[in-house]
1. When the helices in the chain are scored as -39500 (n - 2.57) per DSSP H run of 4 or longer and the sum is shared across all residues, what 222 nm value do you end up with, to the nearest 500 deg cm²/dmol?
2. Can you sort LYS115, LYS72 by how many other beta carbons sit within 10 Å, fewest first?
3. Write down the percent of antiparallel bridges among all DSSP beta bridges whose residues are both part of the chain, to the nearest 5.
4. Using the Cα centre of the range 21-62 as the reference point, and only Cβ charges (+1 on K/R, -1 on D/E), how large is the resulting charge dipole? Debye, rounded to the nearest 20.
5. If you build a Gaussian network model of the chain, linking Cα atoms that sit under 10 Å apart, which residue out of VAL158, VAL84, VAL195 swings the most?
6. Which trypsin sites (Lys or Arg not before Pro) from the range 149-212 combine a DSSP loop assignment with at most 15 other Cβ atoms within 10 Å?
7. Please report, in debye to the nearest 20, how large the charge dipole of the chain is about its Cα centre when each Lys and Arg carries +1 at its beta carbon and each Asp and Glu carries -1 there.
8. For a quick check: sort PHE140, PHE154, PHE127 by the number of other beta carbons within 10 angstrom, fewest at the front.
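Bear in mind these aren't lab numbers, they're just calculated from the coordinates by the rules spelled out. Treat the numbers as computed from the prediction; the structure is a model and nothing was measured. Neighbour counts are summed over all protein chains in view; Cβ atoms, including those assigned to glycine, are modelled from backbone coordinates with ideal geometry.
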Amino acid sequence: MAFIDDHRDRFGVEPICRVLTQHGIKIAPSGYYAFKQRPPAARTLRDAELVVEIQRVFWDRDLGRGISGARKMWRLLKRQGITVAKCTVERLIREQGRRGVRRGKQFVTTRPDEKATRPPDHVNRCFRASRPNELWVVDFTYVPTGSGFGFTAFVTDVFSRRIVGWRTADRMPTELPLDAFEMALWVRGRAGQDVTGVTHHSDAGRQYTAIRYA
């Protein structure tokens with residue numbers, strides 16, 4: 001629905017729905033208009049009320065103090081007489097882009113190489129695509145385990161939000177995101193899709209500015 005809202009003034013609702021249906025995303029214009037006229041669901045209204053309470057408790061100097069995470073926030077809300085599931089608090093805090101302050105040293109994945117040449121930014125924070133294989137976003141993250149950190153690199157097609165390539169390892173060398181990127185090329189090539197002209201976007205980590213990756 002958000003995609004149609006962004007492009008309806010340029011293409012019109014009916015043509016957009018027709019093209020989306022041809023690509024396997026079946027939606028009728030009547031369904032779009034019904035969605036726009038439908039009143040907010042009870043869950044949506046409840047979420048809006050909880051967001052206000054979470055904001056209030058989070059910034060309260062005697063309660064959240066601007067540092068509380070989801071688990072502590074859930075307990076603080078419970079003390080305030082607000083009954084809500086813990087998973088709901090986690091979801092709403094995640095949607096707000098917030099996270100609690102953690103003790104100990106934080107692991108840093110983006111370590112730039114000041115001597116390496118960085119390619120120009122062709123995206124300029126506009127992460128939108130009008131078709132598949134127009135814009136790929138590459139990144140990797142880490143997960144602490146009982147035997148150490150696990151690192152996973154992934155390539156995401158911005159148009160469909162599909163992860164088209166990935167790789168997991170116990171280290172984060174250049175080969176980690178490079179293997180994920182090569183997997184994405186192989187997956188699209190096997191499907192007979194042309195990736196000529198795809199824009200590749202990543203952060204400034206030294207893995208992406210290495211000679212082998214370039």
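1. Details: 8 runs with 87 residues, N = 214.
Mean residue ellipticity at 222 nm (helix-derived): -12500 deg cm²/dmol.
2. LYS115, LYS72
3. About 85 percent, rounded to the nearest 5.
4. Details: 7 positive and 5 negative charges, 70 e Å.
Dipole about the Cα centre, nearest 20: 340 debye.
5. Of VAL158, VAL84, VAL195, the Gaussian network model singles out VAL84 as fluctuating most.
6. Details: sites: ARG161, ARG162, ARG167, ARG171, ARG188, ARG190, ARG206, ARG212; in loops: ARG161, ARG171, ARG212.
Loop-located and lightly packed - ARG161, ARG171, ARG212.
7. Details: 38 positive and 23 negative charges, 197 e Å.
That gives the chain a dipole magnitude of about 940 debye.
8. PHE127, PHE154, PHE140
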